[in-house]
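Contents: one structure, followed by commentary.
The values are calculated or read from the model by the stated rules, or taken from the named source; none is laboratory data. Everything numeric here is computed off the predicted structure, so don't read it as measured data. Using ideal geometry, Cβ is built from the backbone for each residue, glycine included, and neighbour counts are taken over all protein chains shown.
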Amino acid sequence: MADAERTSQTERAMREIRSLVMSGAFAPNARLPETDLAKRLGVSRTPLRQALDRLVAEGILERIPSGGIRVARFDLDDIRDAIELRGVLEGTAARLAAERGADAQVAEELSAVLDDLDDVVGSSGEMDFQAYVPLNRRFHELLARLSGSQIIKREVERVARLPLASPSAFLQGQELIPDFRQSLTRAQRQHRAIFEAILNREGARAEALAREHARLAQENLSFLTKAQPNLAARIPGMALVHANKISNGGGENAKPV
């Protein structure tokens, strides 16, 4: 098999296995049978094993001491820590962008994304939720790039692949929340404030704003696990959270990030 074809199979296997795991197709702690999985995905064993190795490095799979690979299991503290870590990394990205000076081309692209988000959030008619999700994701990608650090960019991307740590992780199901539009408006105000602090070369403020913005996801988690646990099945990655950690207590409305 040519290297390019093997790489293509590995990338495809990674995407499909990650999707299966996040959707709950495999239970936490379940061992993944390589032979059956290779047949299911239509890939050979070598690229499959490479995909599994990379997903172990991401943290959604883990090695079994006696041999083999299983689905990782997370508790709520793990998820909170992952969200907090994303905030720390994005805050660092924002501070570095402010202190070092934002790349003009990346800043121009981010400004255009913010304008598009303004149009989506500020529309007087029905909000185009499908347009908001990729624009929100693009904002966070560009924020990491603005740092000018490949290390920071890489680590932001890495932590965002952990269950429920992505900036868009909690956006599915948001249309069921009564204050949905207000939540998006609040998030967009924070997007604007972060970018303005970067352009004004206010490193400490940019970092604090980015970290505060990421903490909105903690409110999402609280809402889904307490106020509306029935929505959890709609959120990719919630299936990996230990079931007995999900309570039926009260909670606040979720907020998008």
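So, of the residues in the range 105-116 that are of a type in the set (A, V, I, L, M) and under 15 Å from SER147 (Cβ atoms), which turns out to be nearest to the chain's Cα centre (by Cα)? In this case the residue turns out to be LEU110.
Selection of the range 28-59 for residues being surrounded by 14 or more Cβ atoms within 10 Å (Cβ to Cβ) and hydrophobic (A, V, I, L, M, F, W, C) yields LEU32, LEU37, ALA38, LEU41, VAL43, LEU48, ALA51, LEU52, LEU55, VAL56.
Among residues of the range 138-164 that are closer than 24 Å to LEU61 by Cα, those with a beta-carbon under 9 Å from a residue that is of a type in the set (Phe, Trp, Tyr) at least six positions away or on a different chain give the pairs LEU162/PHE74; PRO163/PHE74; LEU164/PHE74; LEU164/PHE170. Selection within the range 65-75: residues that are more than 20 Å from the chain's Cα centre (by Cα) and surrounded by 12 or more Cβ atoms within 10 Å (Cβ to Cβ). The member of this set that is farthest from ALA165 (Cα to Cα) is GLY68. Of the listed requirements (1) modelled with pLDDT of 95 or more; (2) more than 19 Å from the chain's Cα centre (by Cα), MET127 misses just one: (1). For SER168, state whether it is of a type in the set (S, T, N, Q) and under 25 Å from GLY237 (Cβ atoms). Here the answer is yes, as SER168 does meet what is asked.
The set of residues in the range 183-236 that are modelled with pLDDT of 90 or more and outside any helix (DSSP H, G or I) comprises ASN200, ARG201, GLU202. Residues in the range 57-92 that are in contact with an Asp or Glu (Cβ under 6 Å, 6 or more places away or on another chain) and among the hydrophobic types (A, V, I, L, M, F, W, C): ALA72, LEU89.
Within the range 171-192, residues that are under 12 Å from ASN136 (Cα atoms) sit with their Cβ atoms under 6 Å from residues that are crowded, with 21+ Cβ neighbours inside 10 Å and modelled with pLDDT under 75, at 6+ positions apart or across chains, in these pairs: LEU171/PRO256; LEU184/PRO256; ALA187/PRO256; ALA187/VAL257.
Only helices (runs of 4 or more DSSP H) wholly contained in the range 4-104 count here; list those with 2 or more residues that are over 25 Å from ALA214 (Cβ atoms) and in contact (Cβ under 8 Å) with a residue 12 or more places away in the chain. Before you say what the answer is, go through the steps one by one.
Values: elements: 34-41, 45-58, 76-100.
Those helices (runs of 4 or more DSSP H) span 34-41, 45-58.
Within the range 98-119, if we keep just the residues that are closer than 14 Å to HIS191 by Cβ and of a type in the set (A, V, I, L, M), the residue that is surrounded by the most Cβ atoms within 10 Å (Cβ to Cβ) turns out to be LEU110.
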